[in-house]
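Quick note: the coordinates plus some simple rules give every number you see, no bench work behind them. Computed from a prediction, not measured in an experiment: that's the story for all the values here. So basically every Cβ, Gly included, is an ideal-geometry build from the backbone, and we count neighbours across all protein chains shown.
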Ligand SMILES: [Mn+2]
């Protein structure tokens, strides 16, 4: 159920800052653009600011270039270039807490009203208004309902924002969060003109050369342990220093080792800074990787989590193996 206060604030207020979590995925990007589209339709001033630039693979989305990324000298102004505009309301889409906004938090003011629209289990209800639906397959499914509640007919552009969020977050309608509603909404989006095969071409059948070469290096680093139940892949500091990682789309890389038959836990280690290892953990069994990540000061979900370990890549593997091994016994 959409909270009445949410509709009221959108109806009554005039200016909004829209944001989402750092390293925005398709649901975050589609979500901020869809909310922006709605506010535009209602004649409200708004600006979209994310911590870092969204991945170029989403540039098929209309008005993609309107998404700003945070910098210390970012000036938000609409009419008067000499006057910095202070938004009075913040709409946060697809983020479980405010911390995940990273630098965008610096744009918050004390008397700002915060609106939280999200579907993460770990959502901390940080808003003055919270529209949180843990059953939604994507935040954009919720925004679809918000747009309909204003009685505004959808058009192709916004249908593609919403569809992008759904297709990314449900893993192309394959993850367990896919519901009949995800498919019903998607059917409506297709009727509205969302170009599904065009979007699939961008998202799933197009890679940068750097991404494919990076995947080759990743697969070459594959190491199996615990009698075939654990798989490690990594990018070491030498590789990361020699290559422009921003051109490599590592999203989903950890799923390659996880896909090996018999593997229960996979880890992707990256040594961006010498001696500091960033780790993504995935599980496809009863092993809870959130608990393992917590041992090293990280966290996440039962089946997907992350943490950092100081030391070499082999140190990190050994420490992780120790924790994973305990849980097999
Ligand atoms: Mn999401």
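Considering only beta bridges that DSSP places wholly inside the stretch 64-177, some 0 percent are antiparallel.
When 265, 132 are arranged by Cβ crowding within 10 Å, least crowded first, meaning fewest neighbours, the order is 132, 265.
For the stretch 209-328, pairs of C-alpha atoms spaced more than 27 angstrom apart make up 10 percent of the total.
Peptides 26-34, 97-105 ranked from most to least packed by the mean count of surrounding Cβ atoms within 10 Å: 26-34, 97-105. Helix 139-149 and the long axis of the chain differ in direction by around 10°, with both axes built from C-alpha atoms. Note on 37, 202: ascending count of other Cβ atoms within 10 Å places them as 202, 37, the fewest first.
Relative to the longest principal axis of the Cα atoms of the chain, the long axis of helix 209-220 lies at roughly 30 degrees. Across all C-alpha atoms in the stretch 128-248, the radius of gyration and Dmax reach 19.4, 57 Å. Just to confirm the number: angle between the C-alpha axis of helix 313-328 and the first principal axis of the chain, 0 to 90 degrees, nearest 10? That helix lies at roughly 90 degrees to the long axis.
Beta-bridge orientation, the chain: approximately 40 percent antiparallel, per DSSP, counting only bridges with both partners inside. Calculated on C-alpha atoms, the gyration radius of the stretch 263-329 divided by its Kirkwood radius gives an Rg/Rh of 0.94. Taking a point 7 Å out from the Cα of residue 149 in the direction of its Cβ, the residues of the stretch 25-53 whose backbone N falls within less than 19 Å of it are 31-44. Among 112, 142, sorting on how many other beta-carbon atoms sit within 10 Å of each Cβ, with the fewest leading, yields 112, 142. Taken as Cα centroids, the stretch 160-189 and the stretch 236-278 sit 28 Å apart, rounded to the nearest whole angstrom. With the convex hull constructed from alpha-carbon coordinates only, the chain shows a mean projected area of 17.7 nm² over all directions. Over the chain, Cα pairs under 8 Å with separation of 6+ residues give a relative contact order of 12 percent. Principal axis analysis of the Cα atoms in the stretch 1-63 yields extents of 35, 23, 19 Å, listed in decreasing size.
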